Amino acid sequence: MDNNTVVIALGGNALGKNGAEQKEAVAKTAKVIVDLAEEGLNLVITHGNGPQVGMIQNAMDNLAMIQSEYGQTALPASVAMSQGYIGIDLQNAIKYELYSRNIDKKVSTILSQVEVDKEDEAFLNPTKPIGRFLTREEAEKKEADGIKCMEDAGRGYRIVVASPMPKKIRELQTIKTLLEAGHIVITCGGGGIPVIDDYGKLLGVSAVIDKDNASSLLAKELNADLLIILTAVEKAAINFGKENQEWLSDLTVEQAEEYIKQGQFAKGSMLPKIEAAIRFAESGEGRRTLITQLEKAAAGIAGETGTVIYK
């Protein structure tokens with residue numbers, strides 16, 4: 001891959017929360033993506049799947065409750081379903097936008113498996129809530145079966161799973177081949193389907209991989225020059241929400257790490273994005289991460305806005 005390759009990690013606001021919202025959201029997202037494609041960039045699109053995978057897991061859990069013969073659906077299967085569900089809407093929206101502009105360019109969605117380490121310490125302390133809310137009795141039964149549950153903000157109990165670090169993108173060569181053939185590639189949805197390598201056999205594991213961490217690894221392996229992490233704010237900030245709030249434009253890795261030590265970035269929102277940005281910026285000469293809003297992506301690439309993290 002050359003330095004025209006850009007990995008774009010879409011945030012939840014680019015996808016919507018249900019079928020109708022998703023189609024409306026991806027139509028707007030497609031316009032931004034095609035704008036960037038018209039600039040000659042080779043684009044790889046990744047995305048979250050929080051609401052979607054939760055919806056799918058809830059539906060499958062409810063089905064198993066009503067018709068027990070279907071049994072439980074494993075989380076990796078729900079992640080795979082969410083990749084297809086989101087991918088086809090996003091792919092078709094991008095295709096239509098290309099068609100509207102009379103641009104002959106292909107778009108492909110790749111269901112992707114991302115390998116994690118079965119010894120990752122995250123498995124010892126699962127913290128990521130998934131699926132429907134459970135009663136205390138249901139949670140206790142699952143705990144007895146070895147499935148960890150926790151009370152979630154007074155709303156009931158939920159299953160919790162690990163969030164291990166991604167180690168290897170198993171479909172990497174396929175992604176490279178499609179990029180080299182001129183495709184816009186959609187992949188690593190929801191951080192990828194989490195798997196471990198059991199002597200050559202890939203086994204799904206009950207986990208959720210952070211999509212920004214997976215995107216950072218993908219950008220590194222594609223030798224991309226730029227990783228764009230799209231979020232709800234135009235820039236990252238320190239002292240967020242306070243009178244002395246300060247928006248950040250250019251950050252060295254060292255400055256970003258110092259702000260992390262100060263606790264400047266919220267654990268559930270900006271912190272994982274900054275950490276993923278640092279890992280990519282450190283992975284090779286001249287690599288940068290841009291954090292900004294979807295509609296500001298082009299301006300961010302032009303250096304007009306956003307937070308850029310670099311070595």
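When the residues of segment 2-21 are filtered to those that are open to solvent by less than 30 Å² (accessible area, probe 1.4 Å) and in contact with a Pro (Cβ under 9 Å, 6 or more places away or on another chain), the one that is modelled with the highest pLDDT is Leu15. Number of residues in segment 173-213 that are of a type outside the set (Ser, Thr, Tyr), out of contact with any strand residue (DSSP E or B) (no Cβ under 8 Å at 6 or more places or on another chain) and outside any loop (DSSP other than H, G, I, E, B): the value is 5.
Conditions (1) free of Cβ contacts under 8 Å to residues at least 40 places away in the same chain; (2) in contact with a Cys (Cβ under 7 Å, 6 or more places away or on another chain); (3) under 24 Å from Met165 (Cβ atoms), marked per residue:
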residue	(1), (2), (3)
Gly191	no, no, yes
Ile196	no, no, yes
Ile228	no, no, yes
Ala236	no, no, yes
Lys267	yes, no, yes
Gln293	no, no, no
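The condition of being farther than 30 Å from Ala27 by Cα and either basic (Lys, Arg) or assigned to a helix (DSSP H, G or I) (or both) holds for Ala122.
If I filter segment 259-311 down to residues being assigned to a loop (DSSP other than H, G, I, E, B) and acidic (Asp, Glu), which single residue comes out as surrounded by the fewest Cβ atoms within 10 Å (Cβ to Cβ)? It comes out as Glu285. Take Pro164 and tell me if it is crowded, with 19+ Cβ neighbours inside 10 Å, within 25 Å of the chain's Cα centre (by Cα) and either over 19 Å from Asp61 (Cβ atoms) or of a type in the set (Phe, Trp, Tyr) (or both). Here the answer is yes, as Pro164 does meet what is asked. Would you confirm whether or not segment 82-90 contains a residue that is free of Cβ contacts under 8 Å to residues at least 24 places away in the same chain and of a type outside the set (Phe, Trp, Tyr)? Yes, that holds for at least one residue.
Candidates in segment 102-129 are the residues that are touching a residue at least 12 places away in the same chain (Cβ under 8 Å), open to solvent by 70 Å² or more (accessible area, probe 1.4 Å) and closer than 29 Å to Ala181 by Cα; of these, the one that is nearest to the chain's Cα centre (by Cα) is Leu111.
Scan segment 1-36 residue by residue and report those that are assigned to a helix (DSSP H, G or I) and of a type in the set (S, T, N, Q). If you could, list the steps in order and put the result at the bottom.
The first filter runs over segment 1-36 and keeps only residues assigned to a helix (DSSP H, G or I), leaving 12-14, 19-36.
The answer is Asn13, Gln22, Thr29.
The set of residues from segment 42-57 being within 18 Å of Thr187 (Cα to Cα) and either crowded, with 20+ Cβ neighbours inside 10 Å or in contact with a Lys or Arg (Cβ under 6 Å, 6 or more places away or on another chain) (or both) comprises Asn42, Leu43, Val44, Ile45, Thr46, His47, Gly48, Asn49, Pro51, Gln52, Val53. Restricting attention to segment 69-101 and to residues that are more than 30 Å from Leu41 (Cβ to Cβ) and hydroxyl-bearing (Ser, Thr, Tyr), the residue that is least open to solvent (accessible area, probe 1.4 Å) turns out to be Ser78. Among the residues of segment 67-118, those identified as under 24 Å from Val161 (Cβ atoms), of a type in the set (Gly, Ala, Ser) and in a helix (DSSP H, G or I) are Ser68, Ala77, Ser78, Ala80, Ser82, Gly84, Gly87.
In segment 270-311, of all residues being of a type in the set (S, T, N, Q) and touching a Lys or Arg at 6+ places or on another chain (Cβ under 7 Å), the one that is nearest to Asn239 (Cα to Cα) corresponds to Thr307.
Condition test on Arg170, is it over 30 Å from Glu38 (Cα atoms) and surrounded by fewer than 22 Cβ atoms within 10 Å (Cβ to Cβ)? The answer is no for Arg170.
Just so you know, in segment 214-258 the residues that are among the charged types (D, E, K, R) and assigned to a strand (DSSP E or B) include one that is nearest to Thr46 (Cα to Cα), and it is Asp250.
The values are calculated or read from the model by the stated rules, or taken from the named source; none is laboratory data. Since the structure is predicted, the reported quantities are computational estimates derived from the model, not experimental observations. With ideal geometry, Cβ positions are generated from the backbone for all residues, glycine too; neighbour counts draw on all protein chains shown. Ligands, DNA and RNA are excluded from the accessible area calculation, which covers all protein heavy atoms including side chains. Shrake-Rupley method; radii C 1.70, N 1.55, O 1.52, S 1.80 Å.
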